[in-house]
Amino acid sequence: MNISLDQLDTFAKKFVESLSTNTARGAYCVGLSGDLGSGKTTFVQRVAKELGVKEGITSPTFVILQTYPIDHSRFKTLVHIDAYRLSEGESETINFSEYIQNPDNLILIEWPENIVTHAEQCATTLQFDVVDENTREILEKK
C-alpha cells in the first residue's frame, strides 16, 4: 500500500489500534525493513506519539536500543531497536531474549534481518520502500 508522508499519522494510529487485538504470550515484535531513509524511524516516531510518548524519538543507531514508558491497555513499554550495526549472534549484547519474553513490551526493530534468529520471533515485518520524495510503499510480511 502506498502511503504519503502526510498519511503516516493515520497509518500509525491504525497500527496502534490493531495492537489491542494482539494475543501474543510474550512481547509483540514488529520488524521494520527498508533502505536508509525509507521511513522506518519516522514510523516509530508516529507510533510513539500515538502511544503517548512525550520525549523526542531518534534512531538508536549508536546505542542500539531505547525504551519508553507508554500508555496502552496491553503494553507498558515501547522498545525501539536499531539493529543496523548488529550481526547475527550479537543480539544478546542488548539482552534481546529478555525483552522478547516480557509480555509488557511492544518491540519495533529496525533492520531485523541483521539479527535473523530473532527476526523470526517478530509477529510481522513491515517493508518500507521509497516510491518518491513524499510517498512510501509499506508492505506487511508475516
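Taken together, the values in this text are just the output of simple stated rules run on the coordinates, not laboratory data. Treat the numbers as computed from the prediction; the structure is a model and nothing was measured. Every residue, glycine among them, receives a Cβ derived from its backbone with ideal geometry; neighbour counts consider all protein chains shown.
Brief remarks on what is shown
- Candidates Thr41, Thr125, Thr61: whichever shows maximal mean-square fluctuation once the chain is modelled as a Gaussian network with Cα springs under 10 Å: Thr61
- Close amide-amide hydrogen proximity is noted between Leu32 and Ile109, Glu110, Trp111, Leu126, each under 5 Å apart and 5 or more residues distant or on a separate chain (H modeled in the peptide plane; Pro and chain starts excluded).
- Around the Cα centre of the chain, unit charges on the Cβ atoms of Lys, Arg, Asp and Glu (plus for the first two, minus for the last two) sum to a dipole of about 480 debye.
- Of all beta bridges that DSSP places with both ends in the chain, some 50 percent have antiparallel geometry.
- Most to least packed among 102-108, 64-70 [average Cβ atoms within 10 Å]: 102-108, 64-70
- The distance between label points at Asp9 and Thr135 comes to 2.1 nm (points 7 Å beyond Cα on the Cα→Cβ vector).
- Expressed in Å, the radius of gyration and Dmax of the Cα atoms of the chain are 14.0, 39.
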